Amino acid sequence: MTAEGNGTIVGDDGLARPPWAANDPLLREYYDTEWGLPVRDEQGLYERISLEAFQAGLSWATILRKRPAFRAAFHNFHPETVAAFTEADVERLLLDSGIVRNRLKIRAAITNAQATIALRPDGGLVDFVWGFKPPTTPRPTTLAETATTSPESIALSKALRKRGFVFVGPTTMYALMEAIGMIDTHLVDSHRRGSSGIWSS
């Protein structure tokens, strides 16, 4: 691998990626095939919000490795199913070593499933979240130039909280916006820059 002055690392396949996606095969695969691509279905978006909440204070690699177990434990993040979870389900999940066993985060997933359903009469979660898409996107050349919040992520956080969502702070929402393609924070020289089809490179 060779590092470029602009912050990307060129791998043995000749493709430039940010440092966080350059070494770990799982992160590399995620970066190349998922991160930054639009998510416009309710279940997929609810899953992303849930996993971003579980990630708080942990590495994304940890969450990604546990994602199959999360999907099994939360019935593929089907909102109606999770919204009906009881305290008995919370206790059951706290015994599941495959996931992050944090009572507050588990309850947050249930609360957010209920809030997702409650949004449906007003257009639904997808339109609600995507309504905060900014008019322009960043063009970072190094990771140091990548922000952790934005006016839009702050506004989205406040709006979701008003609708009953939890664990949706501005930094978590900025990470969500990056992950679902609402903004393109691929480094300018990355081979994935512009891959969302939403923003020109």
Once the Cα atoms of helix 151-162 and of the chain are each reduced to a long axis, what angle between those two axes, in degrees from 0 to 90 to the nearest 10, is obtained? 10 degrees
Separation between Cα centres of the stretch 158-201 and the stretch 64-105, rounded to whole Å: 24 Å
Aspartates and glutamates whose Cα lies under 12 Å from that of K105, excluding same-chain neighbours fewer than 8 positions away: E52
Just want to confirm a number: the relative contact order over the chain, from Cα pairs under 8 angstrom separated by 6+ residues, in percent. 27 percent
At q = 0.27 Å⁻¹, the log10 of I(q)/I(0) for the stretch 116-193 from a Debye sum over equal Cα scatterers comes to -1.31
So for the chain, using the alpha carbon gyration tensor with a ≥ b ≥ c as root eigenvalues (a/c under 1.5 gives rounded; past that, a/b versus b/c decides prolate or oblate), I'd call it oblate
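Each value in this text was obtained by applying a stated rule to the coordinates, not by laboratory testing. Being a predicted model, the structure only gives us computed values, none of them experimental.
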